């Protein structure tokens, strides 16, 4: 029988507990990070879809205006047959506006967005000139057909203004979320998928009323 002191066993259980604890902390941190990333992505995606939905409303009102133009021009032609340059300008502006389609997937492209707005503003300017011409023909303004078309056009222009403002609000909500921390880090990983949204801007010179010269 040996009188020597037996060797103490290695504290293996404590080491295992420590490793498991560290592993548990890492797993928890990974889960928290995954939830944060998922939440940020879902928020961006929701706001992105809201922008696209509002864009559809903007397009609907622009299309409504474009549909009114032919009838409006034909009605005015009946009393203002000599204003050919004005009618030609309206027709050309309407054609350009119709060609300037902007797919929702291109809303992140500032250049494409600017071209779309420029084309629509061109039609707005042409229609404004047409309304100035109408002022020279009081008998036209007195007709029920013209008054009806004019009311429809004015109502549509008002709705365009409202929908553009709502689009800007949706774009601002998206951009604010996108540029907040840490969402801005996540957005960068998706390239143009979550790029900043552009805004509608006031048409240059819109603050100045057109001058009527006879």
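Structure values in brief
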quantity: Residue within the range 26-45 that is exposed (fewer than 15 other Cβ atoms within 10 Å of the Cβ) and either within 30 Å of residue 142 (Cα to Cα) or modelled with pLDDT of 90 or more (or both) present; calculated: yes
quantity: Criterion violated by residue 95 - all others in (1) assigned to a helix (DSSP H, G or I); (2) touching a helix residue (DSSP H, G or I) at 6+ places or on another chain (Cβ under 9 Å); (3) over 14 Å from residue 130 (Cβ atoms) satisfied; calculated: (2)
quantity: Elements of type helices (runs of 4 or more DSSP H) contained in the range 132-189, each with 2 or more residues being closer than 26 Å to residue 200 by Cβ, modelled with pLDDT of 95 or more and within 21 Å of the chain's Cα centre (by Cα); calculated: 144-178
quantity: Scan of the range 161-191 for residues that are in contact (Cβ under 8 Å) with a residue 24 or more places away in the chain and over 30 Å from residue 65 (Cβ atoms), ordered by number; calculated: 177, 178, 182, 183, 186, 187
quantity: Subset tally (residues that are surrounded by fewer than 19 Cβ atoms within 10 Å (Cβ to Cβ) and within 22 Å of residue 154 (Cβ to Cβ)) for the range 88-116; calculated: 3
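The values are calculated or read from the model by the stated rules, or taken from the named source; none is laboratory data. Note that the structure is predicted; figures quoted are calculated from it, not measured. Neighbour counts run over all protein chains shown; Cβ positions are idealised from the backbone, glycine included.
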